[in-house]
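> Quick one: structure below, then a few questions.
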Amino acid sequence: MTFRRGVKTPSKSPVRTSREPALLGPLVQEQILKFGLGKRMKEAQAVLIYKDVVGKEIAAVSEAFDVRGGKLFVKVHSPTWKEELLFTRHLIAEKINAKLGADIIKQVYLV
């Protein structure tokens with residue numbers, strides 16, 4: 001060991017082990033599971049895929065902005081469309097859940 005400005009430093013560089021580099025994807029997935037973030041990530045994906053699920057026409061007059069407790073919150077820009085979407089919101093939830101491959105969205109709230 002040598003001393004440099006009061007800090008011990010090893011005289012030789014650290015020895016590298018002959019391990020192969022690990023893939024980043026499985027490591028990230030492991031941490032997501034470890035910290036219990038899987039459900040929250042699916043909720044965030046639900047907001048992102050909303051436009052794809054509902055189509056261009058409905059996406060032009062509405063936007064998903066949050067998921068809390070299994071409830072997808074959707075802002076609708078027109079009262080007429082809001083009333084129309086009231087009748088199809090359970091279908092929207094089913095389609096989003098099918099695309100996510102999990103039962104994440106329980107209800108769709110239109111605001």
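> Filter region 69-92 down to the residues that are at pLDDT 95 or above and within 13 Å of GLN45 (Cα to Cα) and list them by number.
LEU72
> For region 29-61, give me each residue that is free of Cβ contacts under 8 Å to residues at least 24 places away in the same chain and touching a strand residue (DSSP E or B) at 6+ places or on another chain (Cβ under 6 Å).
None; the set is empty.
> On the given criteria, is GLU43 at pLDDT below 95, on the phi < 0 side of the Ramachandran plot, surrounded by 13 or more Cβ atoms within 10 Å (Cβ to Cβ) and under 17 Å from the mean Cα position of the chain (by Cα)?
yes
> Cβ-Cβ below 8 Å, separation at least six or inter-chain, first residue in region 69-83 and on the phi < 0 side of the Ramachandran plot, second surrounded by 12 or more Cβ atoms within 10 Å (Cβ to Cβ) and acidic (Asp, Glu): which pairs?
The qualifying pairs are LEU72/ASP66; PHE73/ASP66; VAL74/GLU63; LYS75/GLU63.
> Among the residues of region 98-111, write down those that are in a helix (DSSP H, G or I) and within 12 Å of TYR50 (Cβ to Cβ).
LYS99, LEU100 - these are the residues of region 98-111 that are in a helix (DSSP H, G or I) and within 12 Å of TYR50 (Cβ to Cβ).
> Go through region 46-74 and count every residue that is loosely packed, with under 14 Cβ neighbours inside 10 Å and either over 19 Å from the mean Cα position of the chain (by Cα) or assigned to a helix (DSSP H, G or I) (or both).
Counting residues in region 46-74 that are loosely packed, with under 14 Cβ neighbours inside 10 Å and either over 19 Å from the mean Cα position of the chain (by Cα) or assigned to a helix (DSSP H, G or I) (or both) gives 6.
The values are calculated or read from the model by the stated rules, or taken from the named source; none is laboratory data. Just so you know, these numbers come straight off a predicted model, no measurement behind them. Here the Cβ is made from the backbone with ideal geometry for all residues, glycine too, and neighbour counts use every protein chain on show.
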